[in-house]
1. Average the reciprocal distances over every distinct pair of alpha-carbons in the chain, invert the result, and give the Kirkwood radius in Å.
2. Tell me the angle of helix 10-21 to the major Cα principal axis of the chain, expressed in degrees between 0 and 90 and rounded to the nearest ten.
3. Please label the shape of the range 147-228 as rounded, prolate or oblate, based on the square roots a ≥ b ≥ c of the eigenvalues of the alpha-carbon gyration tensor (a/c under 1.5 means rounded; beyond that, a/b larger than b/c means prolate, else oblate).
4. What are the aspartates and glutamates whose alpha-carbon lies under 13 Å from the alpha-carbon of LYS137, with same-chain residues fewer than 8 places away excluded?
5. To the nearest 500 deg cm²/dmol, what mean residue ellipticity at 222 nm is calculated for the chain from DSSP H runs of n ≥ 4 alone, each contributing -39,500 (n - 2.57), summed and divided by the residues?
6. Would you work out the charge dipole size for the chain about its Cα centre, treating the Cβ of every Lys and Arg as +1 and the Cβ of every Asp and Glu as -1, and quote it to the nearest 20 debye?
7. Where the centroid of each part is defined by its Cα atoms, how far is the range 140-219 from the range 70-136 in Å?
8. Working from Cα positions, state the angle (0 to 90°, nearest 10) between the long axis of helix 145-158 and the longest principal axis of the chain.
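All of the numbers you see were taken from the coordinates with simple rules; none came from a lab. Values in this document were obtained by computation on a predicted structure and should not be read as measured data. Reconstructed Cβ throughout: ideal geometry from the backbone, glycine too, with neighbour counts over all protein chains shown.
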Amino acid sequence: MNLLVLGRGKTGSLTAEVARERKHFVRVVGAEDNNAGEALTTDELREIDVVLDFTTPHRVIANIEARVGASKHMVVGTTGWHGELDRIRGRVEEKGTGFVYGANFSIGVNLFFEIARASAAALHHDYAGQIFERHHKHKKDAPSATAITIQKMIRETSASEKDVEIVSFREGDVVGMHEIVLESSADRIYLCHDAKSRRGFAEGAVRAAEWIAGKKGFYDFKDVWREV
Ligand SMILES: NC(=O)c1ccc[n+]([C@@H]2O[C@H](COP(=O)([O-])OP(=O)(O)OC[C@H]3O[C@@H](n4cnc5c(N)ncnc54)[C@H](OP(=O)(O)O)[C@@H]3O)[C@@H](O)[C@H]2O)c1
């Protein structure tokens, strides 16, 4: 496939590398080449099958609007914009394109989401819960989309009225660590996912691009990761 990766940063660069390893033709565009969306005109996108986005919370909505306008399939890894999901879903459905977004494209985290769901039962047995998330100091959004997803899953599964608290830490070059701690008067349960590198995110995003290429619709990676 012909892929366009938006974002020459930590995750975008690795995503391009993984896509080339998987024999795709890849173009990478950074902020300098796309300041006002000049890399996303219908002409520029003509030969592109899927666009992958690993940019910034401030830039991503403009990028999405341009690509939906050009009826392009998309994989959006950038976080910090999920408050606009319903509006973007409407635009994608109106245009009939394919769109995959995800708080986290790593298979390990998506397995961890299921562990989080199971752990919600503790809230019915006198446990109090907390979510701790740690990321590198350059991360722009807090709490992380992954922590918000875990919180939502625990809320929905436990049907609890009060949300489990999220505590965010921004320090050093931590790739991404998420912990769920459940505490009763008798004991503590610790659940932890710790990303060793960004490779898992990059592989998941490229596989999502391969999966969405021949489809239409609006998908959350956590609902489709088993198929990709
Ligand atoms: N869903 C997941 O699995 C997952 C995993 C990891 C990260 N993320 C998210 O992905 C995003 C990027 O993370 P990162 O760690 O790669 O950040 P990063 O290293 O800061 O990279 C962000 C990149 O976006 C580029 N950019 C900004 N505006 C742009 C534009 N208009 N067009 C093209 N590129 C533009 C920047 O370019 P310059 O360098 O030229 O300024 C920068 O290289 C964040 O929102 C992060 O939370 C998601």
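1. On the way: mean 1/r = 0.0548 Å⁻¹.
When all Cα pairs of the chain are included, the Kirkwood radius is 18.3 Å.
2. The helix 10-21 is inclined about 60 degrees to the chain.
3. Numbers: a/c = 2.74, a/b = 1.54, b/c = 1.78.
Oblate, because a/c is 1.5 or more while a/b does not exceed b/c.
4. GLU171, ASP173
5. Numbers: 8 runs with 82 residues, N = 228.
Helices in the chain give a 222 nm mean residue ellipticity of -10500 deg cm²/dmol.
6. On the way: 32 positive and 34 negative charges, 96 e Å.
Roughly 460 debye for the chain.
7. If we compute the Cα centre of each part, the gap is 8 Å.
8. For 145-158 against the chain, the angle is about 50 degrees.
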